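In what follows, a structure is listed as structure tokens, so that the remarks can point back to it.
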Protein chains: 4
Amino acid sequence: MHHMPKEMQSCIDACLRCYQTCLEMAMTHCLHKGGKHIAPEHFRLMMACAEMCRTSAHFMLLQSPHHKHTCRECAEICEECAKDCERLGDMDECVQACRACAESCRMMSA
Amino acid sequence: MHHMPKEMQSCIDACLRCYQTCLEMAMTHCLHKGGKHIAPEHFRLMMACAEMCRTSAHFMLLQSPHHKHTCRECAEICEECAKDCERLGDMDECVQACRACAESCRMMSA
Amino acid sequence: MHHMPKEMQSCIDACLRCYQTCLEMAMTHCLHKGGKHIAPEHFRLMMACAEMCRTSAHFMLLQSPHHKHTCRECAEICEECAKDCERLGDMDECVQACRACAESCRMMSA
Amino acid sequence: MHHMPKEMQSCIDACLRCYQTCLEMAMTHCLHKGGKHIAPEHFRLMMACAEMCRTSAHFMLLQSPHHKHTCRECAEICEECAKDCERLGDMDECVQACRACAESCRMMSA
């Protein structure tokens, strides 16, 4: 990217990685497994996490100073999503992407 | 909408109205007028406001409890955008849409 | 909206209405009912329809001449979603929103 | 990604790379340079290209068979954006991201 600071580019990468993982896991793994994987609370959290990651990346690309707030909220949702995926037990890829994104967003929101 | 509470539907309407107004005004009025209308700070704020409104509406439609946080951030950005559009002076439609959305989002985030 | 032609504003309204209906029905009705309502093919079609409607509205707001192409694709997905919702049998609100959007998008893509 | 075919993951990567490049270049390079860089036709094309790339990636992640159509439209917009950026002359990064995305999307839409 053009003049993007290195830390911000890392955070955009983490957000877009987590967005992809959550959306794809929801649309394949969760829909195919059924049961607790499509319990409304879990499924909506997966979709909310994907959307918030997409939005946080967008705010950094827009160079908006409000990216600090969207990153803070993104860190919170990602942490919650990581815990819920850990509880379900066969979603390691999602847990890792959410944890990595939460950590990166926490740094950007400081 | 299906089972959507009336207050939430009103807030979704206000968000999608503000999203439309900010995006369309930026792409027509601001690009055509030039000058202070395309100063990076103003223009990025218009784009950030449009994106945050779109995201807040999405969170309410997702039935995510995190809509309280996205609505709080949306109210803050809309208020800032309203002030900046008021300062520029020929963007009444945008000022009104941002104010209405900020008020509705503040109520939803309480 | 500012200088938006009347027919285009009607199409934006139809797209944003269909986006809301598909996303909210998927996140409430479909997740709660389960069974055929969360069959991957149906659920993904609902999500694809919501996203395409959101994107078509965005292209019209951007004043992009490519809105003719996004509207054409939107009409096709909406028609397919209407048929699939009709087949399931208790999704009248979604059928109607998809049909109305398909008709409006077909006119815009001509 | 989970079970994503290699070619599709490459196309998602190209789409998200082009989305980032177009949005960031518009919000920094174009707004700062002014002149022909913020001519409505050029600027709207940059924004339309960013949005279409974001949407095409989303359709592949949704596992929607309609990704063939969104990829076809994405290839067309990216090619047009590449040409317009080439004409302006100091936007090599954008030209390259658009060309790479257009080529990848053309393969996915075949």
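The values are calculated or read from the model by the stated rules, or taken from the named source; none is laboratory data. Since the model is a prediction, treat every value here as computed from it, not as a measurement. Here Cβ is always computed from backbone atoms with ideal geometry, including for glycine, and neighbour counts include all displayed protein chains. Heads up: the accessible areas ignore ligands, DNA and RNA and are worked out on the full protein's heavy atoms, side chains in. Shrake-Rupley method; radii C 1.70, N 1.55, O 1.52, S 1.80 Å.
Give the chain D residue with the shortest beta-carbon distance to the rotation axis relating chain D to chain A, plus that distance as a whole number of Å.
With distances in whole Å, chain D gives D:Leu16, 3.
How shielded is B:43-50 by partner chains, expressed as the average number of their Cβ atoms within 10 Å of its Cβ atoms?
Mean number of neighbouring Cβ atoms from other chains: 6.
What is the set of long-range amide H partners of C:Ser64 at a cut-off below 5 Å, with H atoms built 1.01 Å from backbone N?
none
Using only the alpha carbons of the stretch C:1-64, what is the convex hull's orientation-averaged projected area in square nanometres?
Seen from a random direction, the Cα hull of the stretch C:1-64 projects 4.6 nm² on average.
For chain A, state the semi-axes of the equivalent ellipsoid (square roots of 5 times the eigenvalues of the alpha-carbon gyration tensor), sorted largest first and rounded to whole angstrom.
So the equivalent ellipsoid measures 26, 12, 11 Å along its semi-axes.
When the scattering of the protein assembly as shown is computed by the Debye formula from its Cα atoms alone, each counted once and equally, what is log10 I(q)/I(0) at q = 0.11, 0.12, 0.14 Å⁻¹?
Results for the protein assembly as shown at q = 0.11, 0.12, 0.14 Å⁻¹ read -0.79, -0.96, -1.40.
Measure nothing fancy, just the Cα-based angle from helix C:92-109's long axis to the longest principal axis of chain C, in degrees from 0 to 90, nearest 10.
Long axis of C:92-109 versus the principal axis of chain C: about 30 degrees.
Return the sequence-ordered ³J(HN,Hα) values of the stretch D:63-76 in whole Hz as given by the Karplus equation 6.51 cos²θ - 1.76 cosθ + 1.60 applied to θ = phi - 60°, using x for Gly and Pro.
Once θ is set to phi - 60°, the couplings for the stretch D:63-76 become 6, 7, x, 6, 4, 4, 6, 5, 5, 5, 5, 4, 4, 5 Hz.
Is there a quick way to get the dipole size of chain C? I mean about its Cα centre, with the Cβ of Lys and Arg at +1 and of Asp and Glu at -1; what is the value in debye to the nearest 20?
Dipole about the Cα centre, nearest 20: 160 debye.
Measuring nothing but label to label, 7 Å from Cα along Cα→Cβ, what are B:Glu93's distances to the other copies in nm, shortest first?
3.0, 3.4, 4.5
Lysine pairs in chain A 8 or more apart or on different chains: how many have alpha carbons under 24 angstrom apart?
4
On the protein heavy atoms, probe 1.4 angstrom, tell me the percent of accessible surface of the protein assembly as shown carried by carbon and sulfur.
With neighbouring chains kept in place, the figure for the protein assembly as shown is 53 percent.
Given the options B:Arg87, B:Arg17, B:Arg99, which has the most mean-square fluctuation in a GNM of chain B, springs set between C-alpha atoms less than 10 angstrom apart?
Taking springs between Cα atoms under 10 Å, the residue moving most is B:Arg87.
Taking springs between alpha-carbon atoms closer than 10 angstrom, which of D:Lys83, D:Lys68, D:Lys33 fluctuates most in the Gaussian network model of chain D?
D:Lys33
What FRET efficiency comes out for D:Asp90 versus B:Glu93 if R0 is 45 angstrom and r is the Cβ-Cβ distance? Round to the nearest 0.05.
0.80
Given the options A:His32, A:His42, A:His58, state which has the largest fluctuation in a GNM of chain A using a 10 Å cut-off (strictly under) for Cα springs.
Maximum fluctuation in the GNM of chain A, among the listed residues, is at A:His32.
What list of ³J(HN,Hα) couplings, whole Hz, do you get for the stretch B:37-50 from phi and the Karplus terms 6.51, -1.76, 1.60, once you set θ to phi - 60° and write x for glycine and proline?
Rounded to whole hertz, the list is 6, 10, 4, x, 4, 5, 5, 5, 5, 4, 5, 5, 5, 4.
Could you work out the relative contact order of chain B, using alpha carbon pairs under 8 angstrom and six or more residues apart, expressed as a whole percent?
Relative contact order here is 33 percent.
So, R0 is 45 Å and r is the distance between the beta-carbons of C:Glu41 and B:Lys83; what FRET efficiency does that work out to, to 0.05?
That pair, C:Glu41 with B:Lys83, gives E of 0.40.
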